[in-house]
Amino acid sequence: MLHWALIFLIVAIVAGVLGLTGVASIAAEIAWALFIIGLILAVVFFIMGRRPR
């Protein structure tokens, strides 16, 4: 998940440099959403893995 967030962030940066502000904005929002989802999943799996059986 974080891998895809990084890819979309790079796409947003490249699009921003090229002047494609619409594409850059959408890619940045997707990157942000994927980062938040990945972070939440990482915390949940960390907590679930620490629980004794």
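For this structure, a couple of remarks:
- Taking every C-alpha pair closer than 8 Å and separated by at least 6 residues, the mean separation divided by the residue count of the chain gives a relative contact order of 40 percent.
- Förster radius 25 Å - calculated FRET efficiency between residue 14 and residue 46, Cβ distance, rounded to 0.05: 0.15
- Per residue, the chain reaches -31000 deg cm²/dmol at 222 nm when only DSSP H runs of four or more residues are counted, each adding -39500 (n - 2.57).
- Rounded to 10°, Cα long-axis angle of helix 2-18 versus longest principal axis of the chain: 10 degrees
Any read-out appearing in this document is the output of simple, stated calculations on the displayed coordinates, not a laboratory observation. These numbers come from a predicted model, not from an experiment. As a convention, Cβ positions derive from the backbone with ideal geometry for all residues, glycine included, and neighbour counts pool all protein chains shown.
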